[in-house]
Amino acid sequence: MSAQAEPLLEIKELKKWFPITGGFLKRTIGYVKAVDDVTLTVLPGETLGVVGESGSGKTTLGRTVLRLYEPTSGDIVLHEGANVMHVPQLDDKEMHHFRRNAQMIFQDPYASLNPRMNILETIGEPLLVNGIAKGTELEERVKKVMLQVGLRVEHLRRYPHSFSGGQRQRIGIARALVVNPKLVVADEPVSALDVSIQAQILNLLKDLQAQYQLTYIFISHAMGVIRYMSDRIAVMYAGKMVEVGPKQELLSSPLHPYTEALLSAVPKMSQKRKRLVSRGEVPDLSRLPSGCVFHPRCKYATDICKNEEPHLREISPTRTVSCHLADKLTLEGI
Ligand SMILES: Nc1ncnc2c1ncn2[C@@H]1O[C@H](COP(=O)(O)OP(=O)(O)O)[C@@H](O)[C@H]1O
Ligand code: SF4
Ligand SMILES: [Mg+2]
């Protein structure tokens, strides 16, 4: 994947703040800054892995990029050849067009499927609501995508309860792919599944990507899964991007202390690694620490870290990091 390739998607200074209301009048008394000033580029055909602990804002980022949540501010730009879509500004009709291009696979295949809709209705719904197909054409497209994801077409009129977790996630994948999207946001697509079937679903996603030139934003808290799936990795902490880079470089020579800490938790064959992410937790996103948000947990923190917020900066044409000491530290990778 070359750094010069035209991006498919650009996320620019994106914020999603959830208001906190309080008191009798339910006035806004603060914000949960779940996504706070995220800038990121996604290249066509790549898998961009987004990793970070639970509560770091990954799901909110994924949902906001697809405008399942309205952004608080910032821009999301999808390039479709010469056609440039500024997602936050699209009207209803343009949103239908956007939804043909960008779809989501959800974390929990139990919660995300409507128990009262059979498989034909479930997978066919995006075709119907976006005005793409109906009737026999819809049914043919649903059957085709069922085969692509490894479901049996004779199950077309069954309901979700009769399927296993892995099969339900195949239904979720079929529902996302039935509109032939270019971009798919997969939010922890195997986290709710038995370990024994996680690899099947991950490999299915890889096969489908190769076959249909899909671009993935692949979200997971598990570095092992991110490592398996990604071309590039974006590390998220407390609503912010702290490091972005090509997989191999980021894994072997991380630039941000939080990336180093996440990597220290990845099991290694030869030796037992000392887990570094232990001190404290992801901060309360409505009361962020001063300076660098990671400073209360960072073993390298100095005075400047407590007072000045670092910003994402380029260290090389392909790597960015937000740490005051990035040029000075030599961190341990895997
Ligand atoms: N709909 C919502 N309303 C208010 N706060 C939310 C909402 N969704 C998520 N949050 C908060 O935003 C923060 C980030 O959550 P989330 O995006 O789910 O993180 P992750 O996916 O990395 O675990 C959390 O503090 C969470 O409580
Ligand atoms: S800016 Fe300071 S506290 Fe933040 S990650 Fe870098 S060294 Fe640690
Ligand atoms: Mg999540």
Roughly what % antiparallel, to the nearest 5, for the DSSP beta bridges in the chain?
65 percent
Grab the beta carbon distance between ALA82 and GLU309, set R0 = 30 Å, and tell me the FRET efficiency rounded to 0.05.
0.20
Long-range amide H partners of ALA265, meaning residues 5 or more apart or on another chain whose placed amide H is closer than 5 Å, are LEU276
Taking neighbour counts of Cβ atoms within 10 Å as a proxy for exposure, in what order, fewest first, do ARG287, ARG313, ARG297 appear?
ARG287, ARG313, ARG297
Would you order HIS256, HIS86, HIS324, HIS155 from fewest to most other beta-carbon atoms within 10 Å of each residue's own beta-carbon?
HIS86, HIS155, HIS324, HIS256
Can you compute log10 of I(q)/I(0) for the chain with the Debye formula, treating each Cα as one identical point scatterer, at q = 0.10, 0.11, 0.12, 0.13 Å⁻¹?
-0.62, -0.75, -0.88, -1.02
Given contacts defined as C-alpha pairs under 8 Å and at least six residues apart, what's the relative contact order of the chain, whole-number percent?
20 percent
For GLU46, distant residues with modelled amide H under 5 Å away:
TYR216
Compute, for the stretch 73-157, the length of the dipole vector about the Cα centre, with Cβ point charges of +1 (Lys, Arg) and -1 (Asp, Glu) only. Units Debye, rounded to 20.
340 debye
Over the stretch 1-107, relative contact order from alpha-carbon pairs under 8 Å, at least 6 apart, %:
29 percent
Take CYS292, CYS323, CYS305, CYS298 and order them by how many other Cβ atoms sit within 10 Å, fewest up front.
CYS298, CYS305, CYS323, CYS292
Listed residues LYS16, LYS240, LYS299; largest mean-square fluctuation, Gaussian network over the chain with Cα springs below 10 Å, found at LYS299
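Readers should treat all values here as calculations from the given coordinates under stated rules, not as data from a laboratory. This one's a predicted model, so the numbers in the text were calculated from it and none came from an experiment. Here Cβ is always computed from backbone atoms with ideal geometry, including for glycine, and neighbour counts include all displayed protein chains.
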